[in-house]
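> Pasting a structure below so you can have a look.
Readers should treat all values here as calculations from the given coordinates under stated rules, not as data from a laboratory. Model, not experiment: these values are computed from the prediction. Positions of Cβ are backbone-derived with ideal geometry, glycine not excepted, and every protein chain shown enters the neighbour counts.
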């Protein structure tokens, strides 16, 4: 069963607009969440994280929101730039485990 | 400073061959993970080391897969008698602290294994 789901395989956004990437999880024991960005032929690069004691974390153009009751998190990128075009993975851990469970990714394309 | 490196970057193996994939983590990092990423999927956990101890190998798909980190730094993932379903990108990641320290992992570029 897929414990972390990214239901949108792809997303296109105009440069300068907001990109919103969504992630749902099923395991209520998860208490730490991360977003990674991946360019072709490279490994994933850490973007931003949030622990379950918070509902929002912001870093420059990137903000992650966590809704624990809905078991949902989202990544907002404002304003979107062409260099943001990549595959974005959300990942979760917790419940006494240290491994990260990844979603299947969302391919973001920012159009100039 | 140097990041996580992996070698080779690309490996083509004939079905039935053994392969060895190497990971050099960031110096001083306690934790080391191996993940397998199939095409169009997210990385899937294979195994975890804390220093030289392999604390979790629950993700290894079969007994053909074996990983080691004998001196607590470099790690090798070995796949014996490769099968076509082993074709994937194998990612190594390291992090500074031990288990249950919630922190990011730093990923290497991966080794793309193609079994023909």
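> Using R₀ = 25 Å, calculate the FRET efficiency as 1/(1 + (r/R₀)^6) where r is the Cβ-Cβ separation of residue A:41 and residue A:70; round to 0.05.
0.10
> Roughly how compact is chain A, stated as its Cα Rg over 2.2 N^0.38 Å to two decimals?
Details: Rg = 13.4 Å, N = 112, 2.2 N^0.38 = 13.2 Å.
It is 1.01.
> Modelled label-to-label distance, residue A:28 and residue B:81, 7 Å Cα→beta-carbon offset: nm?
With each label placed 7 Å out from Cα toward Cβ, I get 4.4 nm.
> Let me ask another. What's the FRET efficiency of residue B:53 with residue B:96 using the Cβ-Cβ distance as r and R₀ = 22 Å, to the nearest 0.05?
0.85
> Moving on. Return, ordered by residue number, the residues of region B:6-40 whose backbone nitrogen is under 15 Å from a label point located 7 Å along Cα→Cβ of residue B:62.
Correct set: B:14-19.
> Just counting partner chain Cβ atoms within 10 Å, what average do the residues of peptide A:8-17 show around their Cβ? Provide the component values of the computation, followed by the final result.
Numbers: counts 0, 1, 0, 0, 0, 0, 0, 0, 0, 0.
Rounded to a whole number, the mean comes out at 0.
> Let me ask another. For region B:66-116, state the semi-axes of the equivalent ellipsoid (square roots of 5 times the eigenvalues of the alpha-carbon gyration tensor), sorted largest first and rounded to whole angstrom. Please report the intermediate quantities before stating the final value.
On the way: eigenvalues 128, 38, 15 Å².
With the √(5λ) rule applied to region B:66-116, the semi-axes are 25, 14, 9 Å.
> Treating each Cα of chain B as an identical point scatterer and ignoring solvent, apply the Debye formula and state log10 I(q)/I(0) at q = 0.13, 0.15, 0.19 Å⁻¹.
Treating every Cα as an identical point scatterer, log10 I(q)/I(0) equals -0.44, -0.59, -0.95.
> Further question on the same structure: Given the Cα atoms of the protein assembly as shown, and with Rh set as the inverse mean 1/r over their pairs in the Kirkwood sense, what is Rg to Rh to two decimals?
Working: Rg = 17.6 Å, Rh = 18.1 Å.
Taking Rg over the Kirkwood Rh, I get 0.97.
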